[in-house]
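S.K.: One structure, as structure tokens, below. Some questions next.
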Amino acid sequence: MKNQLQVFGIALLSLVLNPFVVFGQIPSAEMRIRSFKVKDANIVETLNSLSIENNLPVALRLKTETSGIDNFSTTNIRLRRTTLRAVCDAIVKAFPDYEWTIASGVLRFGPKIRSDALSDLLSQEINAFELNGKVPYPRLRWKIFSISEVCTILKKHNLTSDTVEMRIVFGQDLPSFSINMEKATLSDILDAVVTQGTRKMWVIFEKADRSVVLSFI
């Protein structure tokens, strides 16, 4: 079942996560994958399928958006009795502008040529961040973009935050968090959110109008 994420007139398609699945597996390159199949899927859909089917926390940093996701290339992948490494290698073969790694318990995909602005943003150290109890994802996004250190980096690079929100077909999931972090990077915080939350994948990218989109899908 797919959801639609409206992003400045484009649609990010994602699968609905099981609201009762909270903590995902810790990915390992050699972990066994029984089967993996996508058809006519862009990189967001491909990784979302991989994340959901295997309960894996995934981080995706997209290339700077210029033409809309409708113009993103798509792929067909069909593998059986394989490993996570083989699946990821097949994905970057299909999307050669991207590379993958596993770090801090999260499977990460990002462009080979990266924006300095997003690099600064994701590596920015946050003095303290707390997130406790049930928090809807739109409010969580607002809370992250309201962090003073995040606001400083956005201003430094003349960036703004986008107001995109996920539209859930069967109602809004309300995850419960227990996150208390000090001296952590923004990337660390996003990793903690997908590790504990009901949505196991975070996506970030910079639009052509110099606004930053952050989504949990």
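The values are calculated or read from the model by the stated rules, or taken from the named source; none is laboratory data. Just so we're clear, the structure is a prediction, and the values are computed from it rather than from any experiment. Glycine also receives a Cβ, built like all others from the backbone with ideal geometry; neighbour counts cover every protein chain displayed.
S.K.: Looking at region 91-114, which of the residues that are touching a residue at least 12 places away in the same chain (Cβ under 8 Å), among the hydrophobic types (A, V, I, L, M, F, W, C) and out of contact with any Phe, Trp or Tyr (no Cβ under 8 Å at 6 or more places or on another chain) is nearest to Asn54 (Cα to Cα)? Steps first, please.
M.R.: Taking region 91-114 and keeping what is touching a residue at least 12 places away in the same chain (Cβ under 8 Å), we get 91-92, 94-95, 97-100, 102, 104-114.
Then drop every residue that is not among the hydrophobic types (A, V, I, L, M, F, W, C), which leaves 91-92, 94-95, 100, 102, 106-107, 109, 113.
Checking the rest, the ones that are also out of contact with any Phe, Trp or Tyr (no Cβ under 8 Å at 6 or more places or on another chain) come to 94-95, 102, 106, 113.
Working: Ala94: 20, Phe95: 21, Ile102: 15, Val106: 13, Ile113: 28 Å.
The residue in question is Val106.
S.K.: What is the residue count in region 69-102 for residues that are under 19 Å from the mean Cα position of the chain (by Cα), closer than 18 Å to Leu56 by Cβ and outside any helix (DSSP H, G or I)?
M.R.: 6
S.K.: Looking for whichever is part of a strand (DSSP E or B) and under 18 Å from the mean Cα position of the chain (by Cα) here; the options are Phe109, Phe129. Which one fits?
M.R.: None of the others qualify; the one that does is Phe109.
S.K.: Whether any residue in region 82-104 is small (Gly, Ala, Ser), surrounded by fewer than 18 Cβ atoms within 10 Å (Cβ to Cβ) and within 22 Å of Ala184 (Cα to Cα) is what I want to check.
M.R.: The answer is yes, given that some residue of region 82-104 is small (Gly, Ala, Ser), surrounded by fewer than 18 Cβ atoms within 10 Å (Cβ to Cβ) and within 22 Å of Ala184 (Cα to Cα).
S.K.: Something else about it: Give the number of residues within region 93-119 that are more than 27 Å from Gln196 (Cα to Cα) and not small (Gly, Ala, Ser).
M.R.: The total comes to 8.
S.K.: I want to confirm something. Restricting to region 107-124 and keeping residues that are closer than 23 Å to Glu149 by Cα and of a type in the set (A, V, I, L, M, F, W, C), which single residue is surrounded by the fewest Cβ atoms within 10 Å (Cβ to Cβ)?
M.R.: Restricting to residues being closer than 23 Å to Glu149 by Cα and of a type in the set (A, V, I, L, M, F, W, C), the top hit is Ala117.
S.K.: State which residue is farthest from the chain's Cα centre (by Cα) when the search covers only region 39-57 and only residues that are farther than 16 Å from Ala90 by Cα and not in a helix (DSSP H, G or I). Steps first, answer last, please.
M.R.: First, pick out the residues of region 39-57 that are farther than 16 Å from Ala90 by Cα: 52-57.
Filter once more, so that each one left must be not in a helix (DSSP H, G or I): 55-57.
Values: Asn55: 14, Leu56: 11, Pro57: 9 Å.
Checked region 39-57; the qualifying residue farthest from the chain's Cα centre (by Cα) is Asn55.
S.K.: Scan region 190-208 for residues that are among the acidic types (Asp, Glu), over 10 Å from the mean Cα position of the chain (by Cα) and not in a strand (DSSP E or B) and report the count.
M.R.: To start, the set of residues in region 190-208 that are among the acidic types (Asp, Glu) comprises 191, 206.
Still in the running and over 10 Å from the mean Cα position of the chain (by Cα): 206.
Keeping just the survivors that are not in a strand (DSSP E or B) gives none.
Total satisfying the criteria: 0.
S.K.: Right, another one. Scan (1) among the hydrophobic types (A, V, I, L, M, F, W, C); (2) modelled with pLDDT of 95 or more; (3) touching a Cys at 6+ places or on another chain (Cβ under 8 Å) for the single condition Ala29 breaks and write down its number.
M.R.: (2) is the only condition that Ala29 fails.
S.K.: Out of all the residues in region 132-144, which are touching an Asp or Glu at 6+ places or on another chain (Cβ under 9 Å), surrounded by fewer than 18 Cβ atoms within 10 Å (Cβ to Cβ) and part of a helix (DSSP H, G or I)?
M.R.: The first filter runs over region 132-144 and keeps only residues touching an Asp or Glu at 6+ places or on another chain (Cβ under 9 Å), leaving 136-138, 141.
In the following step, the residues that additionally are surrounded by fewer than 18 Cβ atoms within 10 Å (Cβ to Cβ) were identified as 136, 138.
Once the filter is applied, which keeps residues that are touching an Asp or Glu at 6+ places or on another chain (Cβ under 9 Å), surrounded by fewer than 18 Cβ atoms within 10 Å (Cβ to Cβ) and part of a helix (DSSP H, G or I), region 132-144 yields only Pro138.
S.K.: Yes or no: region 169-185 includes at least one residue that is touching a Ser or Thr at 6+ places or on another chain (Cβ under 6 Å) and surrounded by 20 or more Cβ atoms within 10 Å (Cβ to Cβ).
M.R.: Taking region 169-185 first, the residues touching a Ser or Thr at 6+ places or on another chain (Cβ under 6 Å) are 173, 175, 185.
Those left that are additionally surrounded by 20 or more Cβ atoms within 10 Å (Cβ to Cβ): 175.
Taking every residue of region 169-185 in turn, at least one turns out to be touching a Ser or Thr at 6+ places or on another chain (Cβ under 6 Å) and surrounded by 20 or more Cβ atoms within 10 Å (Cβ to Cβ).
S.K.: Just to be sure before I move on: is Leu12 out of contact with any strand residue (DSSP E or B) (no Cβ under 8 Å at 6 or more places or on another chain), at pLDDT below 95 and buried (at least 21 other Cβ atoms within 10 Å of the Cβ) in the structure I sent?
M.R.: Working: out of contact with any strand residue (DSSP E or B) (no Cβ under 8 Å at 6 or more places or on another chain): no; at pLDDT below 95: yes; buried (at least 21 other Cβ atoms within 10 Å of the Cβ): yes.
When the stated conditions are applied, Leu12 does not pass them.
S.K.: A follow-up question, please. Being over 14 Å from Ile217 (Cα atoms) and either without any contact (Cβ under 8 Å) to a residue 24 or more places away in the chain or in a strand (DSSP E or B) (or both) is the requirement here; does Leu154 meet it? Walk me through how you get there before you give the answer.
M.R.: Working: over 14 Å from Ile217 (Cα atoms): yes; either without any contact (Cβ under 8 Å) to a residue 24 or more places away in the chain or in a strand (DSSP E or B) (or both): no.
Here the answer is no, as Leu154 does not meet what is asked.
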